[in-house]
Structure formats: structure tokens, C-alpha cells
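Single-structure report; data block below.
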Amino acid sequence: MLSLNFLLSACGQKKAKDGRTDTPTSGTIKFASDESFSPIIEEELQTYQYRFPHTHLLPIYTDDNTGMQMLLDQKVNLFFTSHALKKGEDALLRSKGPIPEVFPIGYDGIAFIINRSNIDSCITVNDVKKILNGQIATWKQLNPKNSKGDIEVVFDNKASATLHYVVDSILGGKNIKSKNIVAANNSKSVIDYVHKTPNAIGVIGSNWLNDHRDSTNTTFKKDITVVAISKTTVAAVSNSWQPYQAYLLDGRYPFVRTIYAIVADPHKALPWAFANFITNPIGQKIIFKAGLLPYRGEINIREVEVKTQ
């Protein structure tokens, strides 16, 4: 169906009333994405433009609120975010002409990162909630042996998809009440801030964490520690999990969000084709190789016993 759409669109390009001339395999467009998804979007973008060299897709990496508003105003026809359209947003887009389509493309984890010198690398879901709602304000409250002082909670942006997930899915719609909150502007700045700040805990999308020198996706960045999260009442190494693909899949890691491509493209041209490409086998394989969990495709987990001599 996608190939047929390509063929029909390529036959006789006409400039639309809105000035667009793009087709599924050619042209220039802008699209928006929440900044926390930029690593995986960049990888998909490079492959798509390599396969279709006459396409030029220009990403605008911004916060979740701004990206959605750009889509609603039809300044872009494609937006990557972590929530599906609300009824009011869907109705507004339909009133302007395009019928919106929502493509789930994959899953990532909401990761918590700490400074390498911090000893508390395993915490519970309940601990996370208490840190975010202000009940736990110092590391000593979490662990009497931890002398790091006040806990600084660091987010990428005050209007990001990551922050929205924390409020909606972890805190049940309640606002964050931690006394020390830092907005670091973007995801890379969160990692840099935590690397330099012994008492900080950063909140970040897990697609920022993989060390791409490791093709097995089992190594996180060396300059910070990724916290292992436990669903039990007392966290231990044996019952706490980091946001690896397998633990996103089997539910052991508790903080998992869906990544969506929302398309409002009246022409079903380049924005629609790029989103559709990501849902197809090649695009899903890119998501898998990046260390995230693809939305489509059967994944089997095999347990391997490693014997050392």
C-alpha cells in the first residue's frame, strides 16, 4: 500500500493550495519531536533519507507542549511524543481538515540517574514517589549512610514529555512537590549536570543512555549510574531492574512509556510516509538496535547460563 501511494504521488506533482510539493519520496518538510526522543528519531531520519535521497526532513526538537501546539496550528504535520491525542486535540485537527492518525512506534523507559559517587543505586518505586512528592528531601532519609545532602531532582525541560509522564503516570496526576527541582534545558544537560553534581538525581528517557560502542545494548554511559528500580518494599540488587529492553518487555522495569508518531497530513505525503516507515520492519529494527523496544515484531527472551572457568 505504501509503495502504491509512492507511485501515485510521484505521477504529476502539483503544488497544493497550502504550497506543499512534497511526496512520500521527495521534497522538504519540517516536523516536530519532543527533545527526549531525538536520538532514536535521528537514527530513523538518517536511514530514511539515505533510502530516499530526494527527501529532506528538518526536525524541530522542542518540548512536548510546543510540539503539540505546532501540530494543532498545522505548522507541522508530524509530531513525535509520548501520549496519544486527547479528544479536544483530535477534534481541533479535524476541524482544520486533516484526519489525524496515531502510529505507536516503540517503547522506552523513564530512567533515573545519579552521580557515580552516590551509593544508592537501587531504590523502590515508593522511594521514587516520595522523592518526587517531597516526602524524602535528603539522601540520608533514604539511607542513613548516605551523606550527599539535599536531593536535587533534575529534568530535561519544565514542559517535556518526560515531566508529563512523571506527573501523569508516576504521581497519578499530582504535581511534583520536591523542594529542589532543576530544569536543565535538554536531555544531554541532565546527564552533564548529574555527572558534576553528587547530590543530584536526573530523570531522562532511556534512549539517551546506551553506550553505542556496545552493539549488544547492555552497556550504559560510564559517567553516570543508572538507578535500578524495585517494585518491592525494600530494594536490593536481586529485585531491582534497570531499563534494559528485556525488562521493558517483561514488566520488571516499572516506568515504561509508549512513543507515538502523530500525523495530521491532508496530502498523505512525506510526513505520513516517514511515520509509516518507522512502523515497518526496517524502522522497527532501528528501534531495536538502538536499545529500545519496538512496537511491532515478536521478541523472544532466552536465558543463558554463563560458566566461568
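The values are calculated or read from the model by the stated rules, or taken from the named source; none is laboratory data. Just so we're clear, the structure is a prediction, and the values are computed from it rather than from any experiment. As a convention, Cβ positions derive from the backbone with ideal geometry for all residues, glycine included, and neighbour counts pool all protein chains shown. For accessibility, only protein heavy atoms count, side chains too; no ligands or nucleic acids. Shrake-Rupley method; radii C 1.70, N 1.55, O 1.52, S 1.80 Å.
Tabulated results
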{"item": "Candidates Thr81, Thr279, Thr138, ranked by Gaussian network fluctuation over the chain, Cα under 10 Å, top entry", "result": "Thr138"}
{"item": "GNM top mover of Leu45, Leu163, Leu58 - the chain, alpha-carbon springs below 10 Å", "result": "Leu58"}
{"item": "Contact order relative to length of the chain, as percent, for alpha carbon pairs under 8 angstrom and 6 or more apart", "result": "27 percent"}
{"item": "The chain - mean residue ellipticity at 222 nm from DSSP helices (-39,500 (n - 2.57) per run, n ≥ 4, rounded to 500)", "result": "-8500 deg cm²/dmol"}
{"item": "Amide H contacts of Tyr295 (H built 1.01 Å from N, under 5 Å, at least 5 apart or other chain)", "result": "Gly106, Tyr107"}
{"item": "GNM top mover of Pro243, Pro144, Pro281 - the chain, alpha-carbon springs below 10 Å", "result": "Pro144"}
{"item": "Fraction of antiparallel bridges per DSSP, the chain only, in percent to nearest 5", "result": "60 percent"}
{"item": "His54, His83, reordered so the largest accessible area comes first (probe 1.4 Å)", "result": "His54, His83"}
{"item": "Calculated log₁₀ intensity ratio I(q)/I(0) where the Debye formula runs over C-alpha points of segment 62-140, q = 0.13, 0.14, 0.25 Å⁻¹", "result": "-0.64, -0.68, -1.21"}
{"item": "Accessible-area value, Tyr295, 1.4 Å probe, nucleic acids and ligands omitted, Å²", "result": "100 Å²"}
{"item": "Full-stretch length increase - Val125, Thr47 - with 0.36 nm per residue and alpha-carbon distance subtracted", "result": "24.3 nm"}
{"item": "Antiparallel DSSP beta bridges within segment 87-226, percent to nearest 5", "result": "60 percent"}
{"item": "Anisotropy class of segment 129-210 from Cα gyration tensor, a/c 1.5 cut", "result": "oblate"}
{"item": "Distance (nanometres) between label positions extended 7 Å along Cα→Cβ at Arg296 and Asn133", "result": "4.0 nm"}
{"item": "Loop trypsin sites (Lys or Arg not before Pro), segment 162-191, which have at most 13 other Cβ atoms in a 10 Å radius of their Cβ (DSSP)", "result": "Lys174, Lys177, Lys179"}
{"item": "Solvent exposure of the chain as accessible area per residue, Å², 1.4 Å probe", "result": "50 Å²"}
{"item": "Fraction of the pair-distance distribution of segment 149-293 above 25 Å, Cα-Cα pairs, percent", "result": "38 percent"}
{"item": "Percent of Cα-Cα distances greater than 30 Å, calculated over the chain", "result": "37 percent"}
{"item": "Length added when fully stretched, Asp90-Asp192, from 0.36 nm per residue minus Cα-Cα", "result": "33.0 nm"}
